[in-house]
Amino acid sequence: MDFESTVTRIYEAAADPDLWPLILHDLGELVDAAGGIILTRRADAWTGWRCSDLMNSRTTDAWMAPGGGAARTQATARLIAFDRAGFVADNEGFSEQEWLEDSVMSEWCGPLGLHHCAATVIPVPTGDLVLVQLNRRAGKPPFDRADIARLDAFRPHLARAGLLAARWRLERLRAAAQALAIIGLPAAVLDAGGRVLAANELIEAMRPHIAWLPKDRIALIDPAADGMLRRAFAGVTYPAAASARSFPSKGAAGDPAVVHLIPISGAARELFGGGLSLLTVTAVATPAAPDAALIQGLFDLTPAEARVARAVTQRKTVEDIASEFDVSKETVRTQIKSLLAKTGCARQLDLAMLLAQTTQGQPRQTRLSESSRADLNVGR
């Protein structure tokens, strides 16, 4: 394995997560490991992961799922307790019996034919925790000091790549908030704990409905609606979450609005995508369908997909759309499936709720929270 080439790929992976399986394979070959995984955690919930071929399995998906073994393992807590800027072998934190009984072995690595591991945790200033783990096949000896030293040579580069990836993610979130302002949607991007990462001026202007709390947090003025919002956060911590939550809310003067909390990503393999949500608050008014060109530019749709998306916001059925555009119903269903994937919505109703409420006027600028702006400026 060429050291410089692997380091180069590590930094490239900050922008292209599809490179992580190859990097983990190369690191594994360096220390006779059969597989590896990189995971991210936010607000005490695992939010995304990439792994080499051996670990890319239903066993891994089940272990990472809500209520799975990842919620019960002691390995992460013990690894964090070492407070070491480097890799740690399993036999440094566990006795052999403890390791075999922990869910990381009994429910995940063991069924995959793996045993000993070496892992490191990397705190990221944005609030994410990155974990890199490599495992040897059953029957192989534990990782020794020489193995740990080889892996530690790459650890600073892994840490910098994780930091870059998290910050670039924040830049994309800011761009998303700006784009939503173009079509008149008051929007804020939140993490799983309710912290505002990016917000546009349209949602800042909705102070009769929203309260801005210390530490970049947000709440709804309506106590009942705020309770529903808090409960909805629990549904977006897991990366496979894809269902939007919508509920009514009243402002300080009793004026009605509809709140939408929409998971930004349903892709478990996007390292920094899970556990984030888009909050929009729209005053109840006569809905107007957004311009098809705006929809197309915002979500990178084809012209046909944009027309269908606009028709969906008008509550038209598949049959109506097929008749209007003189295409088959199957073509319309295919286009709807594609545009739902591109917009991150789970159902046609979610898409309609996301785009139906628009306002007139000039595009507004967006504001990042103070802490998020500081995060983005560091290390440029």
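The values are calculated or read from the model by the stated rules, or taken from the named source; none is laboratory data. The shown structure was predicted, so the numbers you read here are calculated from the model rather than taken from an experiment. Positions of Cβ are backbone-derived with ideal geometry, glycine not excepted, and every protein chain shown enters the neighbour counts. Surface accessibility is based on the protein's heavy atoms, side chains included, excluding ligands, DNA and RNA. Shrake-Rupley method; radii C 1.70, N 1.55, O 1.52, S 1.80 Å.
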Exercise for the section: Report, by residue number, each residue of the stretch 48-64 that is out of contact with any Asp or Glu (no Cβ under 9 Å at 6 or more places or on another chain) and surrounded by 16 or more Cβ atoms within 10 Å (Cβ to Cβ). Expected result: Trp49, Cys51, Ser52, Leu54, Met55, Asn56, Thr60, Met64
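Taking only the stretch 105-125 into account, find how many residues are more than 17 Å from Gly28 (Cβ to Cβ) and either touching a Ser or Thr at 6+ places or on another chain (Cβ under 6 Å) or of a type in the set (Ser, Thr, Tyr) (or both). Break it down into steps so the answer makes sense when it comes.
Restricting attention to the stretch 105-125, the residues satisfying the condition of being more than 17 Å from Gly28 (Cβ to Cβ) are 105-107, 110-111, 121-125.
Subset that is either touching a Ser or Thr at 6+ places or on another chain (Cβ under 6 Å) or of a type in the set (Ser, Thr, Tyr) (or both): 106, 111.
Counting residues in the stretch 105-125 that are more than 17 Å from Gly28 (Cβ to Cβ) and either touching a Ser or Thr at 6+ places or on another chain (Cβ under 6 Å) or of a type in the set (Ser, Thr, Tyr) (or both) gives 2.
Is one or more of the residues making up the stretch 183-193 modelled with pLDDT of 80 or more and surrounded by fewer than 22 Cβ atoms within 10 Å (Cβ to Cβ)?
Filtering the stretch 183-193 for residues modelled with pLDDT of 80 or more gives 185-190.
With the extra rule that they be surrounded by fewer than 22 Cβ atoms within 10 Å (Cβ to Cβ), the set shrinks to none.
Taking every residue of the stretch 183-193 in turn, none turns out to be modelled with pLDDT of 80 or more and surrounded by fewer than 22 Cβ atoms within 10 Å (Cβ to Cβ).
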Problem - Residue count for the stretch 1-29, restricted to those that are open to solvent by less than 40 Å² (accessible area, probe 1.4 Å) and among the aromatic types (Phe, Trp, Tyr) - result: 1
Handout entry: Criterion (among the charged types (D, E, K, R), surrounded by fewer than 17 Cβ atoms within 10 Å (Cβ to Cβ), over 30 Å from Arg172 (Cα atoms) and touching a residue at least 60 places away in the same chain (Cβ under 8 Å)) met by exactly one of Asp32, Asp83
Key = Asp32
Fill in the blank from the handout: Checked the stretch 189-212 for anything closer than 18 Å to Gly127 by Cα and either basic (Lys, Arg) or free of Cβ contacts under 8 Å to residues at least 40 places away in the same chain (or both); matches are Gly194, Arg195
Problem - Count - residues of the stretch 195-208 that are in contact with a Pro (Cβ under 9 Å, 6 or more places away or on another chain) and either open to solvent by 70 Å² or more (accessible area, probe 1.4 Å) or not in a strand (DSSP E or B) (or both) - result: 6
Handout entry: Conditions (1) closer than 30 Å to Arg172 by Cα; (2) out of contact with any Lys or Arg (no Cβ under 9 Å at 6 or more places or on another chain); (3) not basic (Lys, Arg): number failed by Trp99
Key = (1)
Problem - Lone unmet requirement of (1) more than 27 Å from the chain's Cα centre (by Cα); (2) open to solvent by less than 30 Å² (accessible area, probe 1.4 Å); (3) modelled with pLDDT of 85 or more for Ala292 - result: (3)
Exercise for the section: Can you tell me which residue among Ala45, Ala89 is within 27 Å of Arg167 (Cα to Cα) and surrounded by 16 or more Cβ atoms within 10 Å (Cβ to Cβ)? Expected result: Ala45
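In the stretch 114-137, which residue that is small (Gly, Ala, Ser) and at pLDDT 95 or above is farthest from Pro17 (Cα to Cα)?
If we filter the stretch 114-137 for residues that are small (Gly, Ala, Ser), which is where we start, we get 118-119, 127.
Now restrict to residues that are at pLDDT 95 or above: 118-119.
Numbers: Ala118: 21, Ala119: 19 Å.
The extreme case among them is Ala118.
Answer yes if at least one residue in the stretch 213-223 is touching an Asp or Glu at 6+ places or on another chain (Cβ under 9 Å), of a type in the set (Asp, Glu) and crowded, with 18+ Cβ neighbours inside 10 Å, and no otherwise.
Initially, the stretch 213-223 is screened for residues touching an Asp or Glu at 6+ places or on another chain (Cβ under 9 Å), giving 216, 219-220.
Narrowing further to those that are of a type in the set (Asp, Glu): 216.
If we keep only those that are crowded, with 18+ Cβ neighbours inside 10 Å too, we end up with 216.
Yes, there is a match, as at least one residue in the stretch 213-223 is touching an Asp or Glu at 6+ places or on another chain (Cβ under 9 Å), of a type in the set (Asp, Glu) and crowded, with 18+ Cβ neighbours inside 10 Å.
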Exercise for the section: Looking for whichever is closer than 20 Å to Pro111 by Cβ and without any contact (Cβ under 8 Å) to a residue 60 or more places away in the chain here; the options are Asp26, Asp90, Asp2, Asp61. Which one fits? Expected result: Asp90
Exercise for the section: Among the numbered conditions (1) more than 26 Å from the chain's Cα centre (by Cα); (2) surrounded by 15 or more Cβ atoms within 10 Å (Cβ to Cβ); (3) not basic (Lys, Arg), tell me where Gly139 comes up short. Expected result: (2)
